[in-house]
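Below is one structure, written out as structure tokens, with a few remarks after it.
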Amino acid sequence: LVGTPYSNSTMSSSSDNESVDSDEGSLIHNESSLDGSFIEYTGYEPVDNDIRLEELHLLRVNRPNKTSLLLLTSALAVDVVSEWTEEAWELLGRDVAGNEYLREMKLVPTADFNERDDTGVLNDQNMTSLFRGLTRSDSLREINLRQNGFGLGGIQAMVPFLQASNNLRYLNINRNNVKSEGFRLLWRALRDSPIETLWCGWCGVENIEIDDEHIPKRLEKLNLGGNNINSDGCRELTKLLLKEDTTLQGLHLRENNIDDEGVEILVNALRNNTSLIRLSLDANEKISKKGIGL
């Protein structure tokens, strides 16, 4: 492939048009050599404000009309992202942190949200490198890391960034193997965050512990679908519903292990809640007609 940023091994065989910044890693600076012909985004319709793989040099240019970064991280794709080194991921993080106009970062395996068989290459190791460089970023408002390969280590890598971020409103880590311990760590890290939407579905979460002292003050939507939450988890979630100044409007709990007891716990809490607009409990197979009637 010609024109692949952040990859020293690939850049060594690149064209003479490209210049390499040896101090910061291998980057492309010559826009004339970037026609994007070496990348095909299956199912993705480019948006004008997206920075894509062939345009990573624009992260340093700080263009006001480029507010979104999209990288497809598929482990199955034959592209350079799957071959990036730890240094490359850290460099990406530093470049994102240095861009004052970037508002959205999407590092996902595929643009098709219905594709479940593909997993991205953002494992714990790569997440550690990425967020080592990203920690000081304060412009990002939305981060989508769904369906990559990270677990608890990836959450640990995010903590310093999450605790320092003043503008993050949306975080999607659906379909990563963070499990219960990872969710607890994430929840605590978001205590003082302005987060409004948190997607943590299909993440292997079984046990939930909601500390009254660690509830994000602006949280409006929480997705915990596809986990293994039972009635004990529902009891913990009532702390969100009963919080005096709660802002929660949407609670998504489909495809869990919730039974009639869990439904009753939630219904009783909702009698004293005026904020929630939508509660999703579909595909919980242990809920009987009695539970539905509640």
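The values are calculated or read from the model by the stated rules, or taken from the named source; none is laboratory data. Predicted model only: the values in this text are computed from it and were never measured. Reconstructed Cβ throughout: ideal geometry from the backbone, glycine too, with neighbour counts over all protein chains shown. Side chains are part of the model used for accessible areas, which takes the heavy atoms of the whole protein and leaves out ligands, DNA and RNA. Shrake-Rupley method; radii C 1.70, N 1.55, O 1.52, S 1.80 Å.
Annotation: amide H of H57 within the under-5 Å range of I28, sequence separation 5 or more or interchain, hydrogens built in the peptide plane. Computed in the context of the full set of protein chains, the accessible area of segment 140-231 at 1.4 Å probe radius has 35% of its extent on carbon or sulfur. For segment 74-217, rounded, prolate or oblate, judged on the Cα gyration tensor with a ≥ b ≥ c (square roots of eigenvalues), a/c < 1.5 rounded, else prolate if a/b > b/c? It is oblate, given that a/c is not under 1.5 and a/b is not larger than b/c. Heavy atoms of the protein chains alone define the surface here; on that basis segment 130-286 has 44 Å² accessible area per residue at 1.4 Å probe size. Under 21 Å of direct C-alpha separation, and excluding same-chain neighbours fewer than eight residues apart, K179 reaches these lysines: K221, K239. Summing Lys and Arg as +1 and Asp and Glu as -1 over all other residues whose Cβ lies under 10 Å from the Cβ of I258 gives a net charge of -3.
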